[in-house]
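Have a look at the structure below before the remarks.
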Amino acid sequence: MEKELYEIKDNAMKLIEESENKEALEQIRVEFLGKKGHLTSVLRGMGSLSAEERPVVGKVANEVRGVLEEAIRKAFDELNEVEKQENLKNETLDVTISGTKMPLGSKHPLTVTLDEISKIFISMGFQVTEGPEVETVYNNFDALNAPKNHPSRDMTDTFYISENILLRTQTSPVQVRTLKSQAPPIKVIAPGRCFRCDSPDATHSPMFHQVEGLLVDKGITMADLKGTLDIFAKQLFGSQVKTKFRPHYFPFTEPSAEVDVTCFKCGGSGCRVCKGSGWIEILGAGMVHPNVLKEGGIDTEVYSGFAFGMGVERIAMLKYEVDDIRLFYENDMRFIEQFR
Amino acid sequence: MLVPISWLKEYVKMDDNIELKDFCDKMIMSGSNIEGVHEYGEGIKKVVVGKVLKVEKHPDADALFVITVDIGSEELVIVTGADNVHKDDYVPVVQSGGWLPGGVKIKKGKLRGIVSNGMLCSAQELGFGDNVVPSAIKEGILILDKAYPLGMDIIEALKLKEETIEFEITPNRPDCLSMMGMAREAAAVFYDTLKYPSTIIEHETDDIKNYISIEINKPELCKRYTARVVKDIKIKESPWWLQKRLMTSGVRPINNIVDVTNYVMLEYGQPMHAFDLRYVSGSKIIVDTAADKQKFITLDGTERQLDSDMLLINDAEKGVGLAGVMGGLNSEIKDDTNCILIESANFDADNTRMTSKKLGLRTEASARYEKGIDPNLCLDAVNRACKLIEELEAGTVVSGIVDAYPNIEEPRKIKVRAERINALLNLKMSTDEMADLYRRLEMVVEEKGNDLYIQPPTVRLDLKEEIDFLEEAARIYGYDNLDVTVPKGNVQGGRSRKQDLQNIVKETLMAVGVNEIQTYSFVSPKGVDMIKMPEVSIKRNFVKLMNPLGEENSVMRTTLIPNMMETLVRNYNRNIGKAAAFELGRVFLPSHEELPHQPISLVLGAYGHGNDFYKLKGMVETVLNKIGIRDAEFEPELNHSTFHPGRCANILYKDTCLGIIGEIHPDVAENYDISVRTCICELDFENIFKNANIEKIYFPLPKYPAIDRDIAIVIEEQVYVKEIESIIKEQGGKILDKVELFDIYRGKQVKEGYKSVAYALTYRDADKTLTDEEVGKVHLRIVEALKNQLGAVLRD
């Protein structure tokens, strides 16, 4: 009987090995291990065995059952695995097809630039403030120490609404508003639209954006101005840029400076962007003229301050190598979407 | 301001070896910004002095001449088109293989059968600008002023090597519109003392009293009037050195007398004018305002109508010069002029500016007067002019000067606190060191304790008070040499709530695929007509510009819709299939206050596949929800002429109107010539801001399960879903958790004029598990109410 069991085992093992699919395997299982299977029928015959033989054969029979069950399970697993692999293979996607398009809009490049500038100054403790686009002559010129006959006041340069009301030509009137409404320490930037009588061409626009900065506190020096703008330039254009302060003239600052940065495209060796000079002018700045502070009711013997202003279009044009300022106001979606 | 370096070097010693770049850098960093450098004589090769031996007509070309020139080493035959060349003239000759400025190479060539062995040059070809070459030789060859050695290099003969620097002069420094002014700056930079030009006249005769007297009737408009007389005038061309100097300084030579007045103007910054004394009657100059509507012909031959604010130079009978602007044609220097009066006067800046502006006549003189000139220059300038005329042997100077200077301007002395300068510049200079900085700028400095008493040169009209000396110290010390520090003090930076909210709106719109645009604040008044803005709308009242660039930018916008339409149409016309855009910007509404009301408005616009009314509405709802404005009502608006009457709604929230949304009316679309459906929404951002609430509060998650029930009804077409939903919500009460519209169907199974509307309702109780019975009761109530109130029929 033992022999018979081993034969069953060998037979079954052979069939298991040869089986090619799950149906065949199931058949084998039924055939050998099922209620009417070979092994079962052999076991049924165990009743005729002697008491000594019975445990011996029983052990063998259990052993054979165990081996076969294990073999069938394994064979099933293997077939399952093959089947799984087959399924995965059938589910293969062309992953090179582009993904489902998600809607994503873009901020206007001027907003992108403005946000970047603001972020830097906010991190240095500046509050963002604003002023109206239609301003008084007083805030735009008089209170900023602009000479009465300054050519920028002409109707050929400035848009007027009436004799006393104009479209601001600079964001500097926000300085006046801030000085009149706040007590030092004052530390603000004021981004916004400005207007000048320039017919639009590749480098001129009758409307443009500026960011004004103003800091008034005790003991503010020109060295502080240099330090602040140096940090700003490095944050905006990269830590490798250097700044250069050139003497200049603005009615509302004294001393005044124009600030150049080393060309961030060529690093200062000279290229198309910097017109070969290695330097690019990015902003105007200076120590706030005492007349402006006085106009704002500030004691100039106690407080001093600095102010600066920069053109957002100019910085955006430099940064993104935009060669025509009109692109900003044409609002071609293909242009704007490049700044997503 | 064009400054030839050789001229500058007459007044200030500079190291001859200093590199041009170094010179420029130092000048820039001390405050004299440079706009450009022109190097005369660069690129000229194999151009020599030649003498014309023969001038013949070209046998086969009427307009050409065949010239034989001797250049010392050989005789060359050259064909030229110029007709101002004569036998024995000395001319510049480019030999074949020679070069002219701008990389022009001259080669031997045949002109109508005759070989030309080079070229004769004009002044322009040697590098002088068309705007400065004397009119007489503009069209011809430059005839040399004397017999230079034949074959001599033209650069050497005419001393063509010159570097001219173009300085940018800021409005506060009119004194720098002169060689002396720039020399003063250079002297400060290069530690030198300024050398003044000679004004010593060798020989004077006669007495000016026999010729002229001066009267100033308007001393407030003419601070000083100085004049001298020169007789035995011989008008001729100026010598080459003078012509070249003027040309390299940007001034066209005219004749010796005019050239001298221009030379002195460039040298001192003092405009001058020469009258032919023959035509000055009564031996008198009277400075007075003109009569109203007085006619006067200026040098340029134009008759001008003056008014009683304009200052006029008169003789005993008539006007002879428009003060500070232009001389009169009646007293102009002519070729036969024999005796001249040289005017060196100081006219009021504002008055000159006003006259020049009213007449639309801007001259070199008026441009200088209107910026302000030191009256103390008059005397030196007139003497210098006489000195030069004598030197040029162009006349004999009459002795004596008439000098009317009613209120002499004394040099100012200003107290400057060294401590203050040091504090603002973060320096620790001693008073001695500081005084030295000022002395370098030709200032007289007296030290008293910690203070400096500074007397600047009188030409420095910009230095009036202590603060003006701060920049002088800073720039001579060098901005570069100042410390770099970070401001002390700790102030918190950030944005206002309103700015934050604008940013959130922008970010949200970007997230739903809308691009931001920026358009002009000034627009055409026609825009509101284009969008058919209702006639009664307050948005038709504009804040108008007095001096717009054109009608299309003549009023401040009152709505952002026209600009949005233009942008969308521009994109549509560029074959961009679909677009969605927004703008967040100010509009301008007239107000009774000093300034117009300038609130912020938000506009959205979209066209193209998928960008329909509901898409735009979804975008708007997303934005409103994001900033805490939930359940804004969209109330149908049937009468706004900008929009499609059946596709437009006012957006209401807590009894205020936030804005309007709709599809553009076909008539408006036609106005813009856009043939796709376009949707627009404009929102009052100020109102949104007032109602926004971005605070978040946690709402507990549901503890008990929900029961879902669908409901589908057939209802008349004109019933708004809002009506259905409000009934559902009303009847659903506390246990109705969510109502979602999932289908609207019109078609076969539904009667004409009806629609099938289907909702998914979610019931849930916060405190217990609902039973089917409880839900069934409420659900039935809803169905009944829809039936009774709206005539809805339940669909199965």
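Each reported figure results from applying straightforward, stated rules to the coordinates on display, with no laboratory input. Predicted model, so just to flag it, every value in this text is computed and none were measured. Here the Cβ is made from the backbone with ideal geometry for all residues, glycine too, and neighbour counts use every protein chain on show.
Before moving on, here are some points about what is shown:
- As a proxy for reagent exposure, B:402, B:444 were ordered by neighbouring Cβ count within 10 angstrom, fewest first; the result is B:444, B:402.
- Normalised by residue count, chain A yields a Cα convex hull volume of 289 Å³ per residue.
- For the protein assembly as shown, the Kirkwood estimate of the hydrodynamic radius, built from every pair of different alpha carbons, is 38.0 Å.
- In degrees, nearest ten, helix A:53-90 long axis to first principal axis of chain A (Cα): 30
- Eigen-decomposition of the gyration tensor built on the alpha-carbon atoms of chain B gives equivalent ellipsoid semi-axes of 81, 36, 29 angstrom, largest listed first.
- Loop-exposed GluC sites (Glu not before Pro) per DSSP, neighbour cap 10 Cβ within 10 angstrom, longest uninterrupted part of chain A: A:164-300
- Summing +1 for each Lys or Arg and -1 for each Asp or Glu among the other residues whose beta-carbon sits under 11 angstrom from that of residue B:122 gives -2.
- Only lysines eight or more places from residue B:295 in sequence, or on another chain, were considered; those with a Cα closer than 23 Å are B:218, B:284, B:318, B:334, B:357, B:358.
- Anisotropy class of the stretch B:31-140 from Cα gyration tensor, a/c 1.5 cut: prolate
- Ranked by how many other Cβ atoms sit within 10 Å of their own Cβ, fewest first, the residues B:141, B:214 fall in the order B:214, B:141.
- Convex hull volume per residue in cubic angstrom - Cα atoms of the stretch A:2-90: 70
- Of A:28, A:161, A:282, the one that fluctuates the most in a GNM where chain A has Cα springs shorter than 10 Å: A:28
- Considering only A:228, A:262, A:40, the mean-square fluctuation computed in a Gaussian network model of chain A, springs between alpha carbons under 10 angstrom, is largest for A:40.
- Alpha carbon centroid spacing (whole Å) that separates the stretch A:196-212 from the stretch B:480-504: 26
- Restricting the stretch B:606-703 to trypsin sites (Lys or Arg not before Pro) in coil, as DSSP defines it, with at most 12 other Cβ within 10 Å: B:630, B:654, B:696, B:703
- Only helices enter this figure: runs of n ≥ 4 DSSP H residues, each worth -39500 (n - 2.57), summed and divided by the residues of chain A, yield -13000 deg cm²/dmol at 222 nm to the nearest 500.
- Converting the Cα gyration tensor eigenvalues of the stretch B:228-375 into ellipsoid dimensions via √(5λ) gives semi-axes, longest first, of 24, 19, 13 Å.
- Fraction of antiparallel bridges per DSSP, chain B only, in percent to nearest 5: 95
- For the stretch B:84-134, the square roots of the Cα gyration tensor eigenvalues, ordered a ≥ b ≥ c, give a/c of at least 1.5 with a/b no greater than b/c, which places it in the oblate category.
- Going by neighbour counts of Cβ atoms within 10 Å, the residues B:176, A:274, B:339 line up, fewest first, as B:339, A:274, B:176.
- Descending semi-axes in whole angstrom, ellipsoid equivalent of the stretch B:93-249, from the Cα gyration tensor: 42, 24, 16
- In loop segments of the stretch B:621-709 as defined by DSSP, the chymotrypsin sites (Phe, Trp or Tyr not before Pro) with at most 16 further C-beta atoms inside 10 Å of their C-beta are B:698.
- Global geometry of the stretch B:555-621, whether rounded, prolate or oblate, following the gyration tensor of its Cα atoms and the 1.5 cut on a/c: oblate
- Under-5 Å amide H pairs with residue B:313, H placed in peptide plane, nonlocal only: B:320, B:321, B:322, B:323
- On Cα atoms only, tilt of A:2-18 relative to the major axis of chain A in degrees: 40
- Label point 7 Å beyond Cα of residue B:772 along Cβ direction - residues of the stretch B:679-709 with amide nitrogen under 16 Å: B:706-709
- The residues packed around residue B:449, meaning those with a beta-carbon under 12 Å from its beta-carbon, carry a net charge of -1 if Lys and Arg are +1 and Asp and Glu are -1.
- Charge tally for residue A:157 (other residues, Cβ to Cβ under 11 Å; Lys, Arg +1; Asp, Glu -1): 0.
- By DSSP, the beta bridges lying fully in the protein assembly as shown are antiparallel in about 95 percent of cases.
- Cysteines in chain A lacking a second Cys C-beta under 4.7 Å: A:194, A:197
- FRET efficiency, 1/(1 + (r/R0)^6) with R0 22 Å, evaluated for residue A:59 and residue A:11 via beta carbons: 0.65
- Evaluated over the stretch A:1-117, the count of Lys pairs having alpha-carbon atoms less than 17 Å apart is 11 (only pairs 8 or more residues apart or interchain).
- Helical runs assigned H by DSSP (4 residues or longer) give chain B a calculated mean residue ellipticity at 222 nm of -7500 deg cm²/dmol, each run adding -39500 (n - 2.57) before division by the residue total.
- Kirkwood hydrodynamic radius of the stretch B:707-794, Cα pairs, Å: 13.3
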